[in-house]
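Below you'll find the structure, written out as structure tokens, and then a few comments.
The values are calculated or read from the model by the stated rules, or taken from the named source; none is laboratory data. From a predicted model like this one, the values you see are computed outputs, not experimental measurements. Every residue, glycine as well, gets a Cβ built from its backbone with ideal geometry; the counts of neighbours run over all protein chains shown.
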Amino acid sequence: MIAALPLVVAAQLAAPPPTPPAAPTSPAATTTTMSTGTTTTPADKLAAGVYRLNVEISVATALPVIGEQHTTTQTTSIVTVADDGQATAVACSVETRGPAFTSRLPPASIQSLPTSRLAIVVRGDRVVVDMGEGQIGWRGSGPLPTSAADPRVADDDRDGEPGVRLDLNLNGLGTWPLQIVTRGHTVLDGTRTPEGATGVLSRMESEQQILSGLPIDIPLSDGPVRAVGSGFVLRRIEAPTCADLR
């Protein structure tokens, strides 16, 4: 689920993904799906140990008057693979950069993210990492909450505000703390390397809602979006914690 967070930080400003029929209808909600429909058969496993996982996704949105705008989101996680092949991931950082803004999850929000259980399948030189489905800032089912008053909303980062905090910095204007809820599912598909694996995102589903904090004079774009590129690098390291990566 961790790698699905990129579109949380990007979607409602410079690069909101297209909305399929099942998406929420609230103006501030967006959904992205990118899938290749790939399948694999278990045949091997990655070596046990600690890995650094970097995921990057770039999208472009056609906006009226302004033209095409590009947004890139980078996430960094620590992945631990056990001797039996079972794997977990802990998020270290999530940051998005656009032409006029930067957004990131602050430390308290990062620490509130649940540990993800990964399904890693190795078939020859091919590595597929299913990062699982998850939800942040709320519990339950159905459409995402659109209001902080929804009883399904949870204060995951324990800052006294509903949802999870996301800091939005508009170049030259200041920083605003947004409160968001999200859910998503990510699958990575790549090639085995001596240190781990490298490849692209074969599936990216991300749905998110801003509950509060968005400056009222910032228009939300609903223009068409296209994927510019994506990639991931999974590399074995000796650093066992996020602090060791700094």
(message) Return the pair list, or none, for Cβ contacts closer than 7 Å from residues in the range 96-113 that are part of a loop (DSSP other than H, G, I, E, B) to residues that are modelled with pLDDT of 90 or more, at least 6 apart or on different chains.
(response) LEU105/VAL94; LEU105/LEU166; PRO106/ARG165; PRO106/ASP167; LEU113/ALA91; LEU113/ILE136
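Being crowded, with 16+ Cβ neighbours inside 10 Å and over 17 Å from GLY199 (Cα atoms): is that true of GLN74 here? Working first, answer last.
Numbers: crowded, with 16+ Cβ neighbours inside 10 Å: yes; over 17 Å from GLY199 (Cα atoms): no.
Spelling it out, it is not the case that GLN74 is crowded, with 16+ Cβ neighbours inside 10 Å and over 17 Å from GLY199 (Cα atoms).
What about GLY124, is it among the small types (Gly, Ala, Ser) and in contact (Cβ under 8 Å) with a residue 40 or more places away in the chain? Show your work before the answer.
On the way: among the small types (Gly, Ala, Ser): yes; in contact (Cβ under 8 Å) with a residue 40 or more places away in the chain: yes.
When the stated conditions are applied, GLY124 passes them.
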(message) Can you find, within the range 147-177, the residue that is surrounded by the most Cβ atoms within 10 Å (Cβ to Cβ) among those that are over 16 Å from the mean Cα position of the chain (by Cα) and part of a strand (DSSP E or B)?
(response) VAL153
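Where residues in the range 148-198 are hydroxyl-bearing (Ser, Thr, Tyr) and modelled with pLDDT of 95 or more, which of them is nearest to THR75 (Cα to Cα)? Show your work before the answer.
So the first thing to find is which residues in the range 148-198 are hydroxyl-bearing (Ser, Thr, Tyr), and the list is 175, 182, 186, 191, 193, 198.
Narrowing further to those that are modelled with pLDDT of 95 or more: 191, 193, 198.
Values: THR191: 20, THR193: 20, THR198: 15 Å.
My answer is THR198.
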